[in-house]
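Have a look at the structure below before the remarks.
The values are calculated or read from the model by the stated rules, or taken from the named source; none is laboratory data. Because the structure is a prediction, the values reported are computed rather than measured. Here the Cβ is made from the backbone with ideal geometry for all residues, glycine too, and neighbour counts use every protein chain on show.
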Amino acid sequence: MSRKEISGEKYGFPPHAIIPTEILECFCIDSFKNFGFSEDESKIITDVLLTSDKFGIESHGMQRISRYHKGIQKGLIKVDAVPEVIFETPVTAVLDAHDGMGQLVAYKAMNMAIEKAKKSGIAIVSVRNSNHYGIAGYYAKMASDEGLMGMSCTNSEAIMVPTFGKKAMLGSNPIAVAMPADPYPFLFDASTSVVTRGKLEMYNKAEKELPAGWALDAQGKPSKNAGEVLGNIVGKRGGGIVPLGGNEELTGSHKGYGYGMLCELFSSILSMGMTSNHTHVDGKGGTCHGFAAVNLEFFGNAEEIKKHLSVFLDELRNSPKADGKEKIYTHGEKEVLAIEKIKEQGIAVDVKTVYEMKQMSDYLGMDFEKYFGKIELDKEYHNFY
């Protein structure tokens with residue numbers, strides 16, 4: 001892949017390399033196998049990562065691979081960890097991930113919730129001592145694919161400043177809910193902070209100013225400096241990202257703050273794990289997750305419930321449009337459209353992320369050119385956060 005084959009700018013960010021999905025899939029699976037994960041484990045991790053990119057959510061796809069590389073290298077993520085069920089009933093369970101890869105324990109936990117819900121109607125599974133697990137929507141969709149309603153949430157390293165505060169105390173704490181519908185399922189997935197840390201990382205790589213109203217500096221004042229905010233988060237120096245609704249009650253800040261707390265209840269509180277403000281301290285990740293599955297058959301005729309939702313979603317899409325707007329989307333629709341586009345065009349990967357992939361392959365002793373051909377990156381792309 002020469003410099004000439006790198007695409008133009010996307011959303012004002014630096015150039016992206018357009019890479020066929022199957023090549024990225026092969027590279028990721030081989031990379032995680034080289035880290036010591038089994039073939040099946042590597043496929044699960046890769047599927048979660050690339051599903052994010054296929055959905056058009058660049059911040060949680062290949063962009064994150066360097067984070068996992070560093071986490072494994074530093075011992076934050078333990079490759080040989082085996083999740084342990086430490087409490088269980090017919091409708092609940094608590095798992096200890098023992099510092100393992102977040103995607104693997106999350107996949108196990110949601111499958112447990114699905115099987116319990118099929119038998120008992122509803123199930124909730126909570127996880128402690130884990131790591132970053134990718135996009136929440138992946139796990140909610142697992143339940144939807146089985147004909148159930150699914151919910152997934154997680155806490156994370158503290159990046160969200162509570163309303164009226166100036167120190168990050170909660171994570172981005174995303175929550176996702178999915179439910180079967182036609183012509184495609186309902187799938188809502190969003191952080192409870194105004195943006196995620198991954199979005200700040202993208203702006204930092206691009207050396208772009210943050211939009212107003214996203215972040216605060218160490219003194220609790222608005223900041224547009226992505227590098228400074230990220231540095232303050234890692235260094236626990238104060239500041240961070242504001243909740244959905246900004247940092248004032250007038251704009252609804254307390255609502256995003258409250259939704260973030262809901263994620264803590266299902267993840268860190270039920271599991272007796274670390275709340276966001278205690279994660280990622282002294283070489284310990286400690287991330288916690290929450291999962292739920294609901295069997296529609298325990299509320300009546302599952303197909304009729306699915307049709308009921310489908311009708312409402314159709315009514316939403318066909319409701320009157322605001323002036324100058326051509327389309328109203330329902331949650332999950334843009335992801336379906338993104339998948340179709342990426343099937344044809346491939347996945348757009350930030351050039352700096354490509355360089356991180358090269359660094360990782362060198363660390364693992366892999367032949368980078370075997371997957372991507374000869375790559376030439378300008379010196380300007382070699383030095384970034």
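General remarks:
- Here the condition is being surrounded by fewer than 18 Cβ atoms within 10 Å (Cβ to Cβ) and hydrophobic (A, V, I, L, M, F, W, C); of Ala158, Ala178, Ala212, it holds for Ala212 alone.
- Lone unmet requirement of (1) touching a His at 6+ places or on another chain (Cβ under 7 Å); (2) of a type outside the set (Phe, Trp, Tyr); (3) free of Cβ contacts under 8 Å to residues at least 24 places away in the same chain for Gly102: (3)
- Residue that is farthest from Gly227 (Cα to Cα) [pool: residues in region 139-156 that are in a loop (DSSP other than H, G, I, E, B) and not acidic (Asp, Glu)]: Gly147
- Selection from region 369-385 of residues that are modelled with pLDDT of 90 or more and over 26 Å from the mean Cα position of the chain (by Cα): Glu369, Lys370
- The residues of region 251-272 that are surrounded by fewer than 21 Cβ atoms within 10 Å (Cβ to Cβ) and among the small types (Gly, Ala, Ser), listed by number, are Gly252, Gly258.
This table checks each residue for (1) under 18 Å from Val105 (Cα atoms); (2) within 14 Å of the chain's Cα centre (by Cα); (3) part of a helix (DSSP H, G or I).
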{"site": "Gly137", "(1), (2), (3)": "yes, yes, yes"}
{"site": "Ala158", "(1), (2), (3)": "no, no, no"}
{"site": "Lys199", "(1), (2), (3)": "no, yes, yes"}
{"site": "Tyr203", "(1), (2), (3)": "no, no, yes"}
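- Residue count for region 211-235, restricted to those that are part of a helix (DSSP H, G or I) and not small (Gly, Ala, Ser): 6
- A Cβ distance below 8 Å, combined with a sequence gap of six or more or placement on separate chains, defines the contacts here; from region 134-146, residues that are within 25 Å of Gly71 (Cβ to Cβ) reach residues that are hydroxyl-bearing (Ser, Thr, Tyr) and assigned to a helix (DSSP H, G or I) in the pairs Gly134/Thr51; Gly134/Ser52; Ile135/Thr51; Ile135/Ser52; Tyr138/Thr51; Tyr138/Ser52; Tyr139/Tyr107; Met142/Tyr107.
- Annotation: of all residues in region 313-338 being among the small types (Gly, Ala, Ser) and outside any helix (DSSP H, G or I), the one that is nearest to the chain's Cα centre (by Cα) is Gly332.
- Per the conditions (1) surrounded by 19 or more Cβ atoms within 10 Å (Cβ to Cβ); (2) within 21 Å of Thr192 (Cα to Cα); (3) touching a residue at least 24 places away in the same chain (Cβ under 8 Å); (4) out of contact with any Cys (no Cβ under 9 Å at 6 or more places or on another chain), the sole criterion not satisfied by Glu248 is (1).
- Filtered residues of region 235-268 (kept if among the charged types (D, E, K, R) and at negative phi): Arg237, Glu248, Glu249, Lys255, Glu264
- Meets criteria (farther than 24 Å from Ala168 by Cα and surrounded by 14 or more Cβ atoms within 10 Å (Cβ to Cβ)) for Ser310: yes
- Looking across region 144-155 at every residue that is more than 17 Å from the chain's Cα centre (by Cα) and among the aliphatic types (A, V, I, L, M), the one that is surrounded by the most Cβ atoms within 10 Å (Cβ to Cβ) is identified as Leu148.
- Among the residues of region 169-193, those that are among the aliphatic types (A, V, I, L, M) and either at pLDDT below 95 or part of a strand (DSSP E or B) (or both) comprise Leu170, Ile175, Ala176, Val177, Ala178, Met179, Leu187, Ala190.
- Screening region 1-90 for strands (runs of 3 or more DSSP E) wholly inside it with 2 or more residues that are at pLDDT 95 or above and in contact with a helix residue (DSSP H, G or I) (Cβ under 9 Å, 6 or more places away or on another chain) returns the ranges 84-88.
- For region 58-66, the condition holds for at least one residue, the condition being that it is acidic (Asp, Glu) and crowded, with 18+ Cβ neighbours inside 10 Å.
So that you can scan it fast, the table gives a plain yes or no per residue for (1) in contact with a Phe, Trp or Tyr (Cβ under 9 Å, 6 or more places away or on another chain); (2) assigned to a helix (DSSP H, G or I); (3) farther than 18 Å from Ala176 by Cβ:
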residue: His98; (1), (2), (3): no, no, yes
residue: Tyr107; (1), (2), (3): yes, yes, no
residue: Lys116; (1), (2), (3): no, yes, yes
residue: Lys119; (1), (2), (3): no, yes, yes
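- Odd one out for Ser193, checked against (1) in contact (Cβ under 8 Å) with a residue 60 or more places away in the chain; (2) surrounded by fewer than 24 Cβ atoms within 10 Å (Cβ to Cβ): (2)
- Scanning region 260-312 for residues that are part of a loop (DSSP other than H, G, I, E, B) and among the acidic types (Asp, Glu) gives a single hit, Asp282.
- Filter pass, Phe87 being buried (at least 17 other Cβ atoms within 10 Å of the Cβ) and of a type outside the set (Lys, Arg): no
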